[in-house]
């Protein structure tokens with residue numbers, strides 16, 4: 001299965017957005033992870049609800065500060081066409097619960113999380129079980 005079949009579509013922000021606006025986006029979209037993109041739509045980092053709590057609130061900083069002042073600049077991403085197992089391996093190696101998903105031009109297209117993978121894997125298991133139960137087996141009376 002390919003990453004694009006399991007990923008969630010991402011809502012991103014820009015480095016120049018205020019942390020207040022980013023927090024409102026997280027609240028409105030009910031998410032805790034926001035990719036940060038440049039004007040071309042390419043990811044340049046990410047910000048989490050934890051980043052906001054530790055790097056902004058706990059330090060008494062203003063909500064008017066730019067996202068660039070507290071985001072994580074490292075970008076860990078896979079491609080839409082990558083195999084889902086490769087994305088899972090990337091998460092395992094980097095000890096991440098989610099990674100960004102880009103198209104072949106490097107533009108953000110979504111996010112794949114462990115929860116997304118678990119949901120697909122569960123469906124696959126259930127499908128395998130249904131197939132096994134419905135396969136041609138001799139009837140036992």
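Checking the a/c ratio against 1.5 first, then a/b against b/c, what shape does the Cα gyration tensor give for the range 3-132? Verdict is prolate for the range 3-132. Against the chain, whose longest principal axis comes from its Cα atoms, helix 84-94 is set at around 50 degrees. Helical runs (DSSP H, four residues minimum) scored at -39500 (n - 2.57) apiece and divided by the length of the chain put the mean residue ellipticity at 222 nm at -10000 deg cm²/dmol.
DSSP beta bridges fully contained in the chain are about 75 percent antiparallel. A protection proxy built from the mean count of other Cβ atoms within 10 Å ranks the segments 24-30, 116-122, 105-111, most packed first, as 105-111, 116-122, 24-30.
The stretch between residue 31 and residue 1 holds 8.3 nm of extra length on full extension. This uses 0.36 nm per residue minus the Cα-Cα distance. If the chain linking residue 8 and residue 39 were pulled fully straight, counting 0.36 nm for each residue of separation and taking away their Cα-Cα distance, it would gain 9.0 nm. Protection proxy ranking for 6-18, 92-104, using the average of other Cβ atoms within 10 Å per residue and placing the highest first: 6-18, 92-104. When the Cα gyration tensor is reduced to axis lengths a ≥ b ≥ c, the ratio a/c is 1.5 or higher for the range 4-48, and with a/b not above b/c it is classed as oblate.
A short reminder: the numbers here are calculations on the coordinates, not readings from a lab. Everything numeric in this text was worked out from a predicted model, so none of it was measured. Please note: Cβ atoms are built from the backbone with ideal geometry, for glycine as well, and neighbour counts cover all protein chains shown.
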